[in-house]
Amino acid sequence: MQRTGLTEGTLIYNEWLKKHNLYREDTELNFINWLYSTSGYYDTQVDGTFFNFTPEARTTLYEKWLHTLPGLIKDSDLSHIMVHDDYWVDQTHLPEFLSEFPPQYCYWKDMGYLKNSLTGRVLVVNYFAPLIAEKYDVYAYQTPLTMRNSGPDKNFFETLDRMIEEIPKDYDTYLISCGAYGSFLAPHFTNSIVVGSGLHDLYPVEIPDSYKPSWFMDIEDGRYWLPGV
């Protein structure tokens, strides 16, 4: 099951609109800033840290990310493409865009549906996964924080490849919540569910200060670190 965030969904929708001559460069640059600043996509060769990115951020690597993502979602069984549709006066083409993907359902907010989808040994793939595994009967793979255009490697794809290698392949269900990486990780594991922020509702935990970087309140008012606020 695949879902996008609003940033990722809006970027692929805006790209799709090019064939209808409805593409908006201002919208793309706005959400490129969101992508590099808060979604976890990063490239150390690109200037910028937090909502100060220019059109030069649309690099070859960014194009690779943008044009790979739709195919990953189309190969899923169920999807939820999240789009800031209010950025376009003419929304005529939104249903046509969504029709190209698997059935749309907001599964990540349906706790009953999610719980019924969790079978066997569940691996949570998320930065807070160790906290969740301490409280619930699940296993943990802790993902790195790569917001604000920074990370442990040179770019998003290097970190993605490392995670694919590190994550064990012998679990029954993979519950994935790690921003821009989610849809790229899911195809590599069986019974994978990209749950995004729905993870906080499924497995609520209190986040200790040791998990809060100095800039955590810059990321959507700290909502990932302050669930329910």
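The table that follows gives values for the structure above.
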{"quantity": "Listed residue (SER192, LEU61, THR4) projecting farthest to the positive dipole end of the chain, Cβ model", "calculated": "SER192"}
{"quantity": "Longest DSSP-loop-exposure-free segment, chymotrypsin sites (Phe, Trp or Tyr not before Pro), the chain, at most 16 other Cβ within 10 Å", "calculated": "137-214"}
{"quantity": "Measure of compaction for the range 96-136 (Cα Rg per 2.2 N^0.38 Å)", "calculated": "1.59"}
{"quantity": "Residue among SER192, SER99, SER39 with the largest mean-square fluctuation in a Gaussian network model of the chain, springs linking Cα atoms under 10 Å", "calculated": "SER99"}
{"quantity": "Equivalent ellipsoid semi-axes - Cα gyration tensor, the chain, angstrom", "calculated": "27, 22, 17"}
{"quantity": "Relative contact order of the range 2-99, pairs being alpha-carbon contacts under 8 Å that are 6 or more residues apart, as %", "calculated": "45"}
{"quantity": "Whole-Hz couplings from phi, Karplus 6.51/-1.76/1.60, listed for the range 91-103; x for Gly and Pro", "calculated": "9, 4, 8, 4, x, 5, 4, 5, 5, 7, 10, x, x"}
{"quantity": "Debye, to nearest 20: dipole size of the range 107-222, +1 on Lys, Arg Cβ, -1 on Asp, Glu Cβ", "calculated": "140"}
{"quantity": "Links that overshoot a 25 Å alpha carbon limit, given the list LYS109/LYS135; LYS115/LYS212; LYS19/LYS74; LYS135/LYS212; LYS154/LYS212", "calculated": "LYS115/LYS212"}
{"quantity": "Cα-based shape type of the range 20-135, given that a ≥ b ≥ c are square roots of the gyration tensor eigenvalues and the cut on a/c is 1.5", "calculated": "oblate"}
{"quantity": "Shape category assigned to the range 96-167 from the gyration tensor of Cα positions, a/c cut at 1.5", "calculated": "oblate"}
{"quantity": "Table column - 3J(HN,Hα) (Hz), the range 147-153, Karplus curve with 6.51, -1.76, 1.60, x for Gly and Pro", "calculated": "7, 6, 6, 9, x, x, 10"}
{"quantity": "For the range 142-222: rounded, prolate or oblate by the Cα gyration tensor [a/c cutoff 1.5]", "calculated": "oblate"}
{"quantity": "Ellipsoid equivalent to the range 70-195 - semi-axes via the Cα gyration tensor, in Å", "calculated": "27, 20, 14"}
{"quantity": "Contour excess over end-to-end distance, with Cα ends at PHE157 and ASP137 and 0.36 nm allotted per residue", "calculated": "4.1 nm"}
{"quantity": "For the chain, with +1 on Lys and Arg beta carbons and -1 on Asp and Glu, the positive-most of LEU35, ASN126, ASN21 along the dipole", "calculated": "ASN126"}
{"quantity": "The range 158-221: GluC sites (Glu not before Pro) in DSSP loop, at most 11 other beta carbons within 10 Å", "calculated": "GLU206"}
{"quantity": "Ranked ASP221, ASP137, criterion: other C-beta atoms within 10 Å, fewest first", "calculated": "ASP137, ASP221"}
{"quantity": "Efficiency of FRET from Cβ geometry, GLU100 and GLU63, R₀ 22 Å, rounded to 0.05", "calculated": "0.65"}
{"quantity": "Relative contact order of the chain, defined on C-alpha pairs under 8 angstrom at six or more residues apart (%)", "calculated": "25"}
{"quantity": "Label point at ASN191 placed 7 Å out along Cα→Cβ; residues across the range 100-132 whose backbone nitrogen lies under 13 Å", "calculated": "115-124"}
{"quantity": "Angle between the chain longest axis and helix 60-74 axis [Cα atoms, degrees, rounded to 10]", "calculated": "70"}
{"quantity": "Chain lengthening between ASN116 and TRP215 when straightened (0.36 nm per residue, less Cα-Cα)", "calculated": "32.0 nm"}
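Each reported figure results from applying straightforward, stated rules to the coordinates on display, with no laboratory input. Please read these numbers as outputs of a predicted model, since none were measured by experiment. Glycine also receives a Cβ, built like all others from the backbone with ideal geometry; neighbour counts cover every protein chain displayed.
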